[in-house]
Amino acid sequence: MSSYKALSVVADQPFETPEPNSSKAPSVMNPVLKFEKVGFQYDGRPIMRDVSFAMQPGEIVAVLGPSGCGKTTILNMVAGFLDPTDGVALIDGREIRGPGPDRGVVFQAAALFDWMTVADNISFSLRCAGRPRAERRQVAEEMAALVGLTGFEDAYPYQLSGGMRQRVGLARVLAAKPKVMLMDEPFSALDVQTREVLQEEVLRIRERTGCTTLFVTHSIDEAVFLGDRIFLLTDLKDGAFDTFSVDLPAPRGNPENRLHPAFIRLREAIYRRMRH
Ligand SMILES: Nc1ncnc2c1ncn2[C@@H]1O[C@H](COP(=O)(O)OP(=O)(O)O)[C@@H](O)[C@H]1O
Ligand SMILES: [Mg+2]
């Protein structure tokens, strides 16, 4: 019902296409994350050059683009798994040199330790850091609550659905209290309903933790629902990409936003841009 209503509102309005901005001049004060003319080559084969952007604290940027355009490569440079071949990638003004506890990565498959309980999986980074058992348990319970897994702390991964396993993966990253969370198509393997609920969770978690998030996806809907801004990548070899600002009402995690006229307009604008 309500979706028909939202669509008719759009049809009644004068058509106004959201315009992308140039990505060439990042104008963020005190950015958490910054790329300055970053280039990358695999074995001499250029993948991207002159890529520049900046992210402000607490911001969620959705990196959207077709398969092979370089999304994972960007995320891997932020994670410190790959070094730029040119330019510089910075976190808090310092050059990124390898992985660090200030960044947490959520992958498509949660890669949980099957022989450990949910609580032990979540608090694994604290165990590595030599934190005492009582503290580990407390953090595990807090993080389980944050991702909606209260009551499952003592379950084993095989007892969980795919969506719940991904919640554990998310909680495990959050337990390390990263400044920046990196998510590489984390929900692509899940069914649509589970995926939408987890998108809402990501926004709710951002409200509560203020974590800056770089979220890679190839779903336009996911990018529009989650992102404060969307970087639409096509071919990064000349460093150009489109940036769209998302203007949806707070709280952003409200599923009704999927029916909002601004959501539908932006989805259409991005779709047309990708196809043109
Ligand atoms: N380990 C690798 N060695 C060589 N080329 C790679 C490697 N990983 C990715 N590539 C190439 O780099 C480009 C960008 O890949 P990637 O960042 O994984 O794209 P996306 O995540 O957007 O699908 C693709 O052309 C891909 O084939
Ligand atoms: Mg990828």
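Miscellaneous remarks
- Enumeration of residues in segment 131-162 that are in contact (Cβ under 8 Å) with a residue 40 or more places away in the chain and under 16 Å from residue 113 (Cβ atoms): 156, 157, 158, 160
- Test: residue 223 is more than 16 Å from ligand 1 (Cβ to nearest atom) and hydrophobic (A, V, I, L, M, F, W, C): no
- Flag for residue 178 being assigned to a loop (DSSP other than H, G, I, E, B), out of contact with any helix residue (DSSP H, G or I) (no Cβ under 8 Å at 6 or more places or on another chain) and surrounded by 14 or more Cβ atoms within 10 Å (Cβ to Cβ): yes
- Cβ-Cβ under 6 Å pairs, at least 6 apart or on other chains, segment 167-195 side more than 25 Å from residue 70 (Cα to Cα) and in contact (Cβ under 8 Å) with a residue 60 or more places away in the chain, far side small (Gly, Ala, Ser) and away from ligand 2 (no atom under 16 Å from the Cβ): 176/104; 176/125
- Only one of the listed residues (182, 160, 174, 203) is in contact with a Leu (Cβ under 9 Å, 6 or more places away or on another chain) and modelled with pLDDT under 95. That residue is 174.
- The one condition from (1) surrounded by 23 or more Cβ atoms within 10 Å (Cβ to Cβ); (2) part of a helix (DSSP H, G or I) that residue 63 does not meet is (2).
- Test: residue 120 is more than 16 Å from ligand 2 (Cβ to nearest atom), farther than 28 Å from residue 74 by Cα and part of a loop (DSSP other than H, G, I, E, B): no
- Flag if residue 80 is exposed (fewer than 11 other Cβ atoms within 10 Å of the Cβ), closer than 30 Å to residue 128 by Cβ, modelled with pLDDT of 95 or more and assigned by TED's automatic domain parsing to the domain that holds residue 247: no
- Looking only at residues of segment 45-94 that are among the polar types (S, T, N, Q) and more than 14 Å from ligand 1 (Cβ to nearest atom), we find that the one that is nearest to residue 29 (Cα to Cα) is 56.
The values are calculated or read from the model by the stated rules, or taken from the named source; none is laboratory data. This one's a predicted model, so the numbers in the text were calculated from it and none came from an experiment. A quick note on method: Cβ atoms are made from the backbone with ideal geometry, for glycine too, and the neighbour counts reach across all protein chains shown.
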